[in-house]
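Take a look at the structure set out below.
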Amino acid sequence: MNKFLLLALAMCFQQAVGQVSISSNRLIKDGQEYRFSKYRDVFSNPEARTAFSKARTNSTVGQIFAYTGGFAIGFGIIPALQGNKTETRNGMTYKRDASAAWTVVGIGAGLVAIGIPFAIASGKNAEKALKLENGESTAFQPYFKLETAGNGMALSYNF
């Protein structure tokens, strides 16, 4: 009996140590840190590799939209906040219009908003990859939902 308990304890410890986790921007497996680009060395499950590859792609696309949008917001916010002014330089009168600057700020905010769903999808795919690699259940979790539809109520089965 004691040998069985010792073996069970050792297997539980090995299972806890052998799992993959994410800390900041690093993958951790068996106490060793890996960059995200080395995910092929960390994940042995092909489905987990595919999911983490999708996560990296979504992250890259989201970062491109976010950085471009942030640049546009930063580029347009100063002239937009300065407002409409009239300046005289070298004998010429210039009238500054802030509406174009606000357009650039709006486009930048739109680009940032486009990048948010990509970042969310990246996180979900990374979590899915970790669950697949660590052997946790990720598929088929059906549930019932009580909904109101028009004049009555409905019980729906979602999967």
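The values are calculated or read from the model by the stated rules, or taken from the named source; none is laboratory data. Just so it is clear, the model here is predicted, and its values are computed rather than measured. Virtual Cβ from ideal backbone geometry, glycine too; neighbours counted across all protein chains shown.
Odds and ends about this structure:
- Given (1) under 30 Å from F43 (Cα atoms); (2) out of contact with any Ser or Thr (no Cβ under 6 Å at 6 or more places or on another chain), number of the condition S122 does not satisfy: (2)
- Annotation note: of K85, K95, K128, the sole residue that is closer than 30 Å to T50 by Cα and among the basic types (K, R) is K128.
- Cβ pairs under 9 Å, 6+ apart, first in the range 81-97 and among the aromatic types (F, W, Y), second surrounded by 10 or more Cβ atoms within 10 Å (Cβ to Cβ): Y94/K85
- Some residue of the range 99-110 being within 28 Å of R49 (Cα to Cα), at pLDDT 80 or above and among the hydrophobic types (A, V, I, L, M, F, W, C): no
- Residue match in the range 3-12 (condition: farther than 20 Å from K131 by Cβ, assigned to a helix (DSSP H, G or I) and either of a type in the set (K, R) or at pLDDT 85 or above (or both)): yes
- Of the candidates I64, I77, the single residue that is within 23 Å of the chain's Cα centre (by Cα) and of a type in the set (V, I, T) is I64.
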